[in-house]
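The values are calculated or read from the model by the stated rules, or taken from the named source; none is laboratory data. Nothing here was measured: the structure is a model prediction, and the numbers come from that model. For neighbour counting, all protein chains shown are included, and Cβ atoms are generated from backbone atoms with ideal geometry for every residue, glycine included. To get the accessible areas, we keep the full protein, side chains included, count just its heavy atoms, and leave off ligands, DNA and RNA. Shrake-Rupley method; radii C 1.70, N 1.55, O 1.52, S 1.80 Å.
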Amino acid sequence: MLNYLKSLSFASPWILTLLVIPALMILWHILRYNKIYPTLKLPILEGILPFQQNVRGLFKQNLFILRALALATLIVALARPQRNYKNEEVNTEGIDIVIAMDVSGSMLARDFEPDRLGAAKERAADFISQRPNDRIGLVVFAGESFTQCPLTIDHNVVGQLLDEIKNGLIEDGTAIGMGLANAVNRLRESDAKSRVVILLTDGVNNSGFIDPLTAVEAANQYGIRVYTIGVGRRGKAPYPVQTHFGLSYQNIDVEIDEELLEEIAEQTGGQYFRATNNQGLKDIYETIDELEKSKIQVTVLSRKTEEFYGFLLLGLGILGIEWLLRYTWLRSIP
């Protein structure tokens, strides 16, 4: 009931100032009653006082309350209480995005925490969580490429399949051209107005039968922008190496074909980024998130419904009850 009253607005709120009238009626009755019927306390009668007034007398004495309450209710009805209903129509123009991730052995290098692949998955998961209106797909590549997750708006599924990405799923190597071509193939039939590939790698194209620039031509044909990310510190990085004594780490030169990644991004209208640590990778994904904003249009439809009918009927009902009691059960016979 309280929430209902809070939701009301009034077409003529100034009429509510008339509520002072029933309040004055109650005050006048109290003062008049105390003047006409003064109280006389006698100690000898204290034991019988609780029984001196029956129920009928109590109702008759306070019958005026019903009239004041009816008047207050009718004043509220006269102020025309209304309820506001708002409907929101949300029109979204999402972006179709495919994340193409390198899963080659070099992605296990420990210049990131826990390693390059682990950091790439964490930052991709954060990015996906910020894109509720976009369809997102996953492509992985090493010596060859395959689709880990087709385009979908179900980001729970995307997150689960992203978590399952690991090194060793496919033959080792770095087939950048095949990874990009596979991502483009996922997007070529998309009807989204904006189609984007985020390609992340830490190496040089050395595998696959599709040249990266051939894949770029396909991306341009379908109007797909490609953002490229080179992952790895500058100089040397610790790589895991299996020896007779177990797993050890050796510092090996970091080789990223930045020239190729820059050309891919430039020719497709995207941008190239270099990530040398976890924070840098996070910043890159945040930048791409800002560059590729989904369009959301919210139309608010507002309507009002009249609620005075209920107050009017309640007020008339209370008046009817007051009249009925006054001239039947509480009627005074001369």
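Using the beta-carbon distance between Ile26 and Tyr309 and R0 = 30 Å, what value does 1/(1 + (r/R0)^6) give for FRET efficiency, to the nearest 0.05? Mind showing how you got there, number by number?
Details: r = 26 Å, r/R0 = 0.87.
My answer for the efficiency is 0.70.
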- Length gained when the stretch Glu266-Glu113 is fully extended (0.36 nm per residue, less Cα-Cα span): 52.1 nm
- Item | Surface accessible to a 1.4 Å probe, per residue, for the residues of the stretch 184-334, Å² | 60 Å²
- Message: For a Förster distance of 30 Å, can you work out the FRET efficiency between the beta-carbons of Gln221 and Glu255, rounded to the nearest 0.05?
- Response: 0.50
- Mind jotting down the distance between the C-alpha centroids of the stretch 195-223 and the stretch 163-185, whole Å? 11 Å
- Taking only the Cα positions of the stretch 103-215, the convex hull volume per residue in Å³ is 99 Å³
- What is the calculated FRET efficiency for Ser248 to Thr287, with r their C-beta to C-beta distance and R₀ = 25 Å, to the nearest 0.05? 0.10
- Per-peptide average of other Cβ atoms within 10 Å, ordering 169-177, 256-264 highest first: 169-177, 256-264
- Task: Run the quick spin-label model on Asp211 and Leu169: label points 7 Å from Cα toward the beta carbon, then report their separation in nm to one decimal.
- Result: 2.8 nm
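How would you order 194-201, 306-313 from highest to lowest mean count of nearby Cβ atoms within 10 Å? The partial results should precede the final answer.
Working: 194-201: 25.8, 306-313: 15.0.
Ranking the peptides 194-201, 306-313 by packing returns 194-201, 306-313.
Provide the packing ranking of 150-157, 204-211, i.e. peptides ordered by the mean count of other C-beta atoms within 10 Å per residue, highest first. Don't skip to the end; give the middle numbers.
Values: 150-157: 14.0, 204-211: 16.9.
Taking the mean over residues of other Cβ atoms within 10 Å, the ranking is 204-211, 150-157.
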- Task: Excluding residues on the same chain fewer than 8 positions from Lys166, give the aspartates and glutamates whose Cα lies under 19 Å from its Cα.
- Result: Asp102, Asp111, Glu113, Asp115, Glu122, Asp126, Glu144, Asp202
